[in-house]
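The structure appears right after this line, and notes come after that.
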Amino acid sequence: MKDIQDGRVLSHRLAKTNVSEDELASYRLRCGDLLINRTNSLDQVGKVGLVHADRDDVFASYLVRLNVNTDLIEPEYLNYWLNSDLAQRTIKRIATPAIGQANLNPTELQKYCLVPIPPAVQRKRIVEVLRKWDEAIDTTDRLIVAKRSNRDYHYRNLVSWSRCKTVPIGSVVEAVARPVPTPKTAYKALGLRSHGKGTFQRIIERPEEIDMETVYVVGPHDLIVNITFAWEGAIALAQAEDAGCFVSHRFPTFEVKEDRVNRDFLGYAVGSRRFFHNLGIASPGGAGRNRVLNKTAFLKLEIPFPPKPEQDRIARYLLELDKEIEILKSYRAAIEKQRRGLLQNLLTGQWSMPVRDSDVDAAAARVTEEAAQ
């Protein structure tokens with residue numbers, strides 16, 4: 001499921017598996033295939049992505065491949081439709097809820113998810129219009145990646161691991177647990193994204209389905225790590241709005257000793273590739289993604305430790321670079337919102353007349369130029 005994003009099937013971070021020749025022949029992905037997530041949390045079930053090229057990749061059992069009847073409809077158009085709000089609401093409605101997840105029956109999907117099929121000329125035009133906005137989003141994504149690479153480059157140059165003093169992270173943070181009984185009513189749970197991408201909040205609507213008697217309160221200045229996915233960079237500093245959220249025992253929390261270390265500097269240190277690598281070493285495990293961080297080993301991991309005034313200076317400089325990244329992310333969100341509106345209006349027939357080429361090209365060029373600036 002993690003390899004399906006924004007209507008695409010990605011290939012740059014795939015897990016590996018051994019398959020027979022027969023299995024490869026049966027499950028190999030082809031250009032034009034659609035993959036849909038049939039088992040996951042309700043907000044993730046029904047996630048759809050298009051395969052853009054023939055690949056030596058196979059798909060997991062919790063995904064379903066849709067073979068498109070190209071005599072009736074184009075795979076790209078169908079992918080846009082299945083990712084529209086209207087289609088996703090239908091998918092969520094027919095999904096069967098279970099404890100902690102939902103399941104989508106492919107037969108029910110085929111029966112109840114009705115797809116409008118406008119004339120071929122109009123379908124082609126809709127795809128062309130939406131593709132323009134996808135290109136603008138791609139341009140902005142590349143700029144964000146470039147800005148992040150530039151920030152990381154400056155971090156490595158400002159903090160040389162070979163010349164800078166290092167200390168165990170346990171000397172600048174202190175483990176703290178704030179256990180409370182699991183709430184009986186809906187509550188906010190905090191999660192961590194992998195690859196150093198920060199925290200996120202979700203609402204636990206049915207606490208009675210959570211098999212935990214105790215949860216732990218997050219403080220406003222905590223460093224949090226997911227011991228199951230630490231090897232994948234699931235570590236972050238809590239934000240002010242995260243205070244008071246709950247985590248499970250798999251998310252140990254640590255208070256930052258801000259008299260010793262600049263909190264923002266620490267955030268950059270634990271978000272570096274070197275630290276992610278060391279988290280992997282401290283996370284022995286078995287097959288696949290089943291690796292658990294050794295908490296004792298974690299506290300012994302080294303971080304760079306220049307004098308406090310130098311930490312403050314480095315943090316200020318890197319925060320300025322991050323502001324540029326945040327501006328681009330906000331701009332991307334605006335483009336994505338505009339794209340969703342187009343998707344809804346075009347696919348539901350609210351805009352029945354095709355947009356002129358000159359209008360589409362001018363709008364897309366303007367979006368791309370503004371993103372580049």
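Summary of computed values
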item: Kirkwood Rh and Cα Rg combined as Rg over Rh, evaluated for the stretch 1-52; result: 0.99
item: Distance from the stretch 89-142 to the stretch 21-37 (C-alpha centre basis), Å; result: 19
item: Helix 357-372 axis, angle to the chain major axis (alpha carbon atoms, nearest 10°); result: 10
item: Net charge over other residues, Cβ less than 14 angstrom from the Cβ of ALA120 (K, R count +1; D, E count -1); result: -1
item: Compactness index (Cα Rg / 2.2 N^0.38 Å), the stretch 1-117; result: 1.04
item: Mean-position separation - Cα centroids, the stretch 153-210 and the stretch 216-255, in angstrom; result: 3
item: Angle between the chain longest axis and helix 120-158 axis [Cα atoms, degrees, rounded to 10]; result: 10
item: Sequence of ASP134, ASP242, ASP71, ASP6 once ranked by neighbouring C-beta atoms within 10 Å, starting from the fewest; result: ASP71, ASP6, ASP134, ASP242
item: Directionally averaged shadow of the stretch 167-301, computed from the convex hull of its alpha-carbon atoms, nm²; result: 8.1
item: Over 19 Å (Cα to Cα) - which of LYS47/LYS92; LYS2/LYS197; LYS165/LYS300; LYS47/LYS329; LYS92/LYS197 fall in this group; result: LYS47/LYS329; LYS92/LYS197
item: ³J(HN,Hα), Karplus 6.51/-1.76/1.60, whole Hz, each residue of the stretch 264-276, x for Gly, Pro; result: 5, 4, 4, x, 5, 5, 6, x, 7, 4, 4, 5, 4
item: Sequence-separation-based contact order of the chain, relative, with Cα cut under 8 Å and 6+ spacing, percent; result: 16
item: Fewest-first ranking of LEU14, LEU114, using other Cβ atoms within 10 Å as the exposure measure; result: LEU114, LEU14
item: Where a label projected 7 Å from the Cα of ALA25 along Cα→Cβ would reach, residues of the stretch 44-65 with amide N under 19 Å; result: 55-59
item: Stokes-Einstein translational diffusion, the chain - Kirkwood Rh over all Cα pairs, 1.567 mPa s, 4 °C, in µm²/s; result: 55
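Bear in mind that the values in this text are calculations on the coordinates, not laboratory data. Quantities reported herein were computed from a predicted structural model and do not represent experimental measurements. Methodologically, a virtual Cβ is constructed for each residue, glycine included, from the backbone with ideal geometry; neighbour enumeration extends over all protein chains shown.
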